[in-house]
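Since the structure comes first, as structure tokens, the remarks are kept for the end.
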Amino acid sequence: MSAPNKSYDPVEVEALKPEEIERMRDEALAAFAAADSLDALQAAKVAHAGGTSPLSLANREIGALPPQAKAEAGKRVGQARAAVGRGLAARQTELEAERDARVLVEEAVDVTLPYDRTPAGARHPLTTIMERVADVFVSMGYEVAEGPEAEVEWFNFDALNFVPDHPARQMQDTFFVEGPEGTSGDESGVVLRTHTSPVQARALLDREPPVYIVCPGRVYRTDELDATHTPVFHQIELLAVDEGLTMADLKGTLDHMVKALFGPDMKTRLRPNYFPFTEPSAEMDMVCYVCRGESVGNPDRPCRTCGSEGWIELGGCGMVNPRVLTACGVDPEKYSGFAFGFGIERMLMFRHNVEDMRDMVEGDVRFTRPFGMEI
Amino acid sequence: MRVPLSWLREYVDLPAAATGRDVQEKLVGVGLEVETVEQLGADLKGPLVVGQVLTIEELTEFKKPIRFCTVDVGQANGTDEPQEIVCGARNFAVGDKVVVVLPGAVLPGGFAISARKTYGKKSHGMICSGDELGMGDDGSGGIIVLPPEHEVGTDAIELLELVDEVLDIAVTPDRGYCLSMRGVARETATAYGLPLRDPALIDVPGPNAHGYQVEVSDPVGCDRFTARTVTGLNPEAHSPIWLKRRLQKAGMRPISLAVDITNYVMLELGQPLHAYDRSRLEGAIGVRRAEQGEKITTLEGAKRVLDAADLVITDERGPIGLAGVMGGAHTEIADAEPDPETGEVKGTTDVVIEAAHFDQLSIARTARRHKLSSEASKRFERGVDPEATSAAAQRTVDLLVLLAGGTAEAGVTEVVAPTAPRTITIPADHPDKVAGVAYGRETVVRRLQQVGCDVYGQDALTVTVPSWRPDLTDPNDLAEEVIRLEGYENLPSTLPSAPEGMGLTQRQRTHRRVGIALAGAGYVEALNYPFIGEHVFDELLLDAEDSNRRVVKLVNPLSDEEPALRTTILPGLLAALRRNDSRGSHDLALFETGTVFHPREEQRTAVRLPVDRRPTEEELAGLDEALPYQWRNVAVVLTGAREQAGWWGKGRPADWADAVEAARVVARETGVELTVRKGQYGPWHPGRCAELVVVTEGPERSEKVAGYAGELHPRVIKALGLPARTCAMELELDALVTDAVLQAPRISTFPVATQDVALVVDADVPAVEVEAALREGAGELLESLRLFDVFTGEQLGEGKKSLAYALRFRAADRTLTVDEASAARDAAAALAGERTGAVVRGA
């Protein structure tokens, strides 16, 4: 390279003339704007911002300028190159955005296509509704107790104050289990439990009061299967034994249960009834879940669920008969308790408008699947 | 118990405007289950009058004989002319009084009456039968013929009491006294706060020595026996309309005057009665237990062989009645029948009335033993007022005298076993404590008195319960009486706080989680009956000695085809699969968790323990030893597509691997390690059966075969009519429940080193054994191992397979070098080679 020529006039270098620099810049920007694809922009970039682009070539000329001209020319070229760089970047961003948007459009699918590759499973609604009821009580501090389905008569009847030959004991149509060889008929003393109440007695023998338990389970009676009966069905039993429990406590507990299961505006009603294992005993009704009582005296809106009575019979309850406490080794002078039991099938029927008991029994997947995992 | 409102009003002065619905509500409030209120004659409209048949013209040209009658209905038709009526019934004659419905009337069921042409004549109304008037069967078999004393033109709606309301009450076993008008009236009076006219409070002559001789040799079975005699009954006397109507409304059929009267008094007072034809009695009446094998023919004609525990009524010749259940045919009241020669009506003229009280249990057992439930036994089983026998006998005598023209003999027999009235002592605030309400002593005493109790004392009340309430035995019984009369609806609602609970047990949580996991894996839960027939074990190809063949059997199964309880869930679950398949669902995955029942090696019977104390631990253990073993199994069955074909590509049929995977799903939820081995068991395809083993590690390592999974045996599929290739898994769920607490893995943040290895082994080497050897051989650096390919082909040679594994190595404290990872892989392959003959492929 030659020594700086102090008399060198920058204006004389054609490529470094201000209007030339401006032209190069503008051509570059125009080329970027004209590029309609990232590929075209790449070509324009090579042409106008690459190493052999006019501005780059002009930039090389600066070195040949005299020192006093270098700064000015350098500044002019630098600004132009910066403008070109910004223009390129802006266009790059624009085109990338366009491309991205186009790709998203191209990748669009029909999201309404059905997808049943693996069919859904489901738990039986009787199972989930039992768990749901149990959970209401578990959240109150109750524990879930269980007992055997093949049960000795003593637990199923005697301990619950069903004395031999009591009419109530005949009311129960019981499956008897065959005894050992050489015995006949019902001598085994073993039955398929007719209710979940024997778990009460087992729990009282197993635990020290206070006892607060809920017992869901399968029970058996010799009814033929039809639209409203099944020989194998499910119950939930509730038992609380503590010092000073009253019927008002029973009522409050039932009120809480129906509110938790059926909504905050639910109400219960107790009607006197008779059960050997409770005294006093009551039948528990709740406001009809379907018509909320509005069908009563309203012939235009009859309710099939409650027969326009406004109430649904839910189950039997009462204060644990002190004789039951005695048989289970609990001092009735010190402790009192209440118990409640009801049928799960019936609750499922009115809560979910099931019309035929057989649907719950036959295991048809079309019935069970819609209930899913929870209820 | 059916209670006509009109009859009830005889004992309680109910408000005139009170409807059956009103009374129902009040009675429900005090604890009587009034199921329905029947509206009799609600849509009935007159004119309906008494008429007298003037002429009968027999019309014979029709298929059945028809009568064209003229009937005098007085002024009822507005003309005073006889009414012309066509009638198809034949049980009446000229001069008879009948019930005539005139045009413009409406009969029950909305049946409008108008003059109409029939059988060639114009009929201006109808001569009515009991059925047409909604009265029920009166035994006449035709139209109603009224007693002659009723005047022509009288309104028959009123005469026949056709408009009424009847409460139908389901009486619970403890409230036997409500199987009577007297009992229901007492509850009604209390519910309304009105006085009761007790129909049992009538003058009764004292016993004397002149009555019919009665010898009670079992005073426990029969603690009271009243006998009265009425003579000179007119056999032609009929039950008056009011008597028949009350019986009909109460649901009983009128039979004959004497029988109707005993039934009427039973309905009124709740005391079952029996009337013997005195001319057919021989000697003294006795009450004793039957001799084993003694025979009797009861009223309805059944010959019965008696048990030594049956209580019987006898005369000199032997049993004449099953006490408290049903009388014998031999001493029955004779129906009035005209003598075919003289025309004189003959029938029973002298009767002996029995009003007795029998032991509840004894009657219940006899009724059950002979499968004979009568109105009498129903009442005795639930408890009858022993103090009402003489009143009931007196009432019967009075009605026989009044209605049948009889004469009461002066003799009054009463055999009474002395009993003390029952008293219960309770603290005056006992009902308050039971209810959680401060009723106060005054209320408690008043309510108990309303029930019929005598009450003495201040803080401690001595309560003598009324004779008609044998159910009141315990303090809580008295509390219930107070609380129900004060109204259950008035009980406050308080929520007791249970002590802090422990939540669900591990077993309960496991059962839930397994259900959730299987449903999540696409299985639908089915809850099947546990009843099976033993033939299914043959269909399932179980060995003769298979323990599942030992079953618990029912004495009284619903179906003789299925008398046993299941030892395996599969039969029921496979039936559900078949049912779904036949209904058009062919891609199925079902599961069930449920109890199976296995008899103990040594069976014993359960002793009936006393209930007046806690049983001893030995006694309780004895009870449980009488029970079969019961535990919970889980099972799945699959058929059809496990994955559907669709726009995404091909589907996949359910196969053995899905069944085995279901077992792993279950095991994952329980936290128990389940080892899968090649197995062979009855229902499963011998080449496609996995044995599921629970291995318990530790100082005493144990193994338990907990179940099987795989494809079912083709013969099982054929025998049970299942879709081809049906797969199944069954596992003893309770064997998988564990309290073990998972120990958290240590997570290394150093990089992973991956190595693949393909091993060639004999085709019959189980992959699980190769994998176990690899794991052991790879040592501590192995983080995970996965079989990613199984390959068979010619290049491997006959009877060989290639298993390709991806091994991931990682150290806790450093980055592994390639050499370290390779060395570990080689060690793994070497041990696999040693154990299973595996050769590294391509080595």
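The values are calculated or read from the model by the stated rules, or taken from the named source; none is laboratory data. These numbers come from a predicted model, not from an experiment. Virtual Cβ from ideal backbone geometry, glycine too; neighbours counted across all protein chains shown.
Some observations on this one:
- Of the residues screened, B:Q450 is not one that is within 13 Å of chain A (Cβ to nearest Cβ), part of a helix (DSSP H, G or I) and either more than 23 Å from A:N161 (Cα to Cα) or in contact (Cβ under 8 Å) with a residue 40 or more places away in the chain (or both).
- Residues that are in contact with a strand residue (DSSP E or B) (Cβ under 9 Å, 6 or more places away or on another chain) and surrounded by fewer than 11 Cβ atoms within 10 Å (Cβ to Cβ), drawn from the range B:764-785: B:D764
- The residues of the range A:336-374 that are crowded, with 18+ Cβ neighbours inside 10 Å, of a type outside the set (D, E) and assigned to a loop (DSSP other than H, G, I, E, B), listed by number, are A:M357, A:G363.
- Screening B:W656 on (1) buried (at least 19 other Cβ atoms within 10 Å of the Cβ); (2) among the aromatic types (F, W, Y); (3) closer than 30 Å to A:L113 by Cβ shows it passes everything except condition (3).
- Taken over the range B:704-752, the criterion of being without any contact (Cβ under 8 Å) to a residue 12 or more places away in the chain, surrounded by 11 or more Cβ atoms within 10 Å (Cβ to Cβ) and not aliphatic (A, V, I, L, M) is satisfied by B:K718 alone.
- The set of residues in the range A:160-186 being touching a strand residue (DSSP E or B) at 6+ places or on another chain (Cβ under 9 Å), part of a loop (DSSP other than H, G, I, E, B) and modelled with pLDDT of 75 or more consists of A:N161, A:T174, A:F175, A:E178, A:G179.
- Residue match in the range B:623-632 (condition: more than 8 Å from chain A (Cβ to nearest Cβ) and in contact with a helix residue (DSSP H, G or I) (Cβ under 7 Å, 6 or more places away or on another chain)): yes
- Residue in the range B:376-396 that is of a type in the set (V, I, T), within 14 Å of B:A275 (Cα to Cα) and assigned to a helix (DSSP H, G or I) present: yes
To keep it simple, each residue is scored yes or no on (1) within 7 Å of chain A (Cβ to nearest Cβ); (2) in a loop (DSSP other than H, G, I, E, B); (3) surrounded by fewer than 19 Cβ atoms within 10 Å (Cβ to Cβ).
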| residue | (1), (2), (3) |
| --- | --- |
| B:P499 | yes, yes, yes |
| B:M502 | yes, yes, yes |
| B:H511 | no, no, no |
| B:I516 | yes, no, yes |
| B:L527 | yes, yes, no |
| B:F537 | no, no, no |
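- Take the conditions (1) β-branched (V, I, T); (2) away from chain A (no Cβ under 14 Å); (3) out of contact with any Asp or Glu (no Cβ under 6 Å at 6 or more places or on another chain); (4) in contact (Cβ under 8 Å) with a residue 12 or more places away in the chain; B:T464 misses just one of them, which is (3).
For (1) touching a residue at least 40 places away in the same chain (Cβ under 8 Å); (2) outside any helix (DSSP H, G or I); (3) facing another protein chain (nearest Cβ under 9 Å); (4) touching a Leu at 6+ places or on another chain (Cβ under 8 Å), each residue gets a yes or a no:
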{"position": "A:D223", "(1), (2), (3), (4)": "yes, yes, yes, no"}
{"position": "A:D249", "(1), (2), (3), (4)": "yes, no, yes, yes"}
{"position": "A:D265", "(1), (2), (3), (4)": "no, yes, no, no"}
{"position": "A:Y289", "(1), (2), (3), (4)": "yes, yes, no, no"}
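- All positions within the range A:242-266 that are out of contact with any Lys or Arg (no Cβ under 9 Å at 6 or more places or on another chain) and within 14 Å of A:P210 (Cα to Cα): A:D242, A:L245
- A:T93 polar (S, T, N, Q), within 12 Å of another protein chain (Cβ to nearest Cβ), surrounded by fewer than 12 Cβ atoms within 10 Å (Cβ to Cβ) and free of Cβ contacts under 8 Å to residues at least 40 places away in the same chain: no
- Strands (runs of 3 or more DSSP E) (entirely within the range B:1-101) containing at least 3 residues that are at pLDDT 85 or above and not basic (K, R): B:33-40, B:48-59, B:66-72, B:83-87, B:97-101
- Looking across the range A:263-300, the residues that are hydrophobic (A, V, I, L, M, F, W, C) and either buried (at least 20 other Cβ atoms within 10 Å of the Cβ) or over 21 Å from A:A134 (Cβ atoms) (or both) come down to A:L270, A:F275, A:F277, A:A282, A:M284, A:M286, A:V287, A:C288, A:V290, A:C291, A:V296.
- Total residues in the range B:587-601, condition more than 8 Å from every other protein chain (Cβ to nearest Cβ) and either over 28 Å from B:A667 (Cβ atoms) or outside any strand (DSSP E or B) (or both): 3
- Any hit, the range B:556-564, residues being at the interface with another protein chain (Cβ under 7 Å from one of its Cβ atoms) and either closer than 23 Å to B:C689 by Cα or among the charged types (D, E, K, R) (or both): no
- Among the conditions (1) assigned to a loop (DSSP other than H, G, I, E, B); (2) buried (at least 19 other Cβ atoms within 10 Å of the Cβ), A:V258 misses just one, which is (1).
- Qualifying residue in the range A:314-323 (condition: surrounded by fewer than 20 Cβ atoms within 10 Å (Cβ to Cβ) and among the small types (G, A, S)): no
Yes/no matrix, rows are residues, columns are (1) assigned to a loop (DSSP other than H, G, I, E, B); (2) surrounded by fewer than 23 Cβ atoms within 10 Å (Cβ to Cβ); (3) within 7 Å of another protein chain (Cβ to nearest Cβ); (4) aromatic (F, W, Y):
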residue: A:L104; (1), (2), (3), (4): no, yes, no, no
residue: A:A108; (1), (2), (3), (4): yes, yes, no, no
residue: A:T112; (1), (2), (3), (4): yes, yes, no, no
residue: A:R117; (1), (2), (3), (4): yes, yes, yes, no
residue: A:A120; (1), (2), (3), (4): yes, yes, yes, no
residue: A:E131; (1), (2), (3), (4): no, yes, yes, no
residue: A:F137; (1), (2), (3), (4): no, no, no, yes
residue: A:M140; (1), (2), (3), (4): yes, yes, yes, no
residue: A:E146; (1), (2), (3), (4): yes, yes, no, no
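- Yes/no for B:V50 being within 14 Å of chain A (Cβ to nearest Cβ), under 53 Å from the mean Cα position of the chain (by Cα) and of a type in the set (A, V, I, L, M, F, W, C): no
- Selection within the range B:545-577 - surrounded by 15 or more Cβ atoms within 10 Å (Cβ to Cβ) and among the hydroxyl-bearing types (S, T, Y): B:T567, B:T568
- No other residue among B:L558, B:L565, B:L541 is aliphatic (A, V, I, L, M), more than 30 Å from B:G183 (Cβ to Cβ) and either free of Cβ contacts under 8 Å to residues at least 12 places away in the same chain or out of contact with any Lys or Arg (no Cβ under 9 Å at 6 or more places or on another chain) (or both) apart from B:L558.
- Cβ pairs under 6 Å, 6+ apart, first in the range B:9-22 and farther than 14 Å from B:R186 by Cβ, second assigned to a helix (DSSP H, G or I): B:G20/B:L5
- Residue within the range B:668-677 that is assigned to a strand (DSSP E or B) and farther than 20 Å from B:V741 by Cα present: yes
- Selection status of A:S188, more than 9 Å from chain B (Cβ to nearest Cβ), in contact with a Phe, Trp or Tyr (Cβ under 9 Å, 6 or more places away or on another chain) and surrounded by 23 or more Cβ atoms within 10 Å (Cβ to Cβ): no
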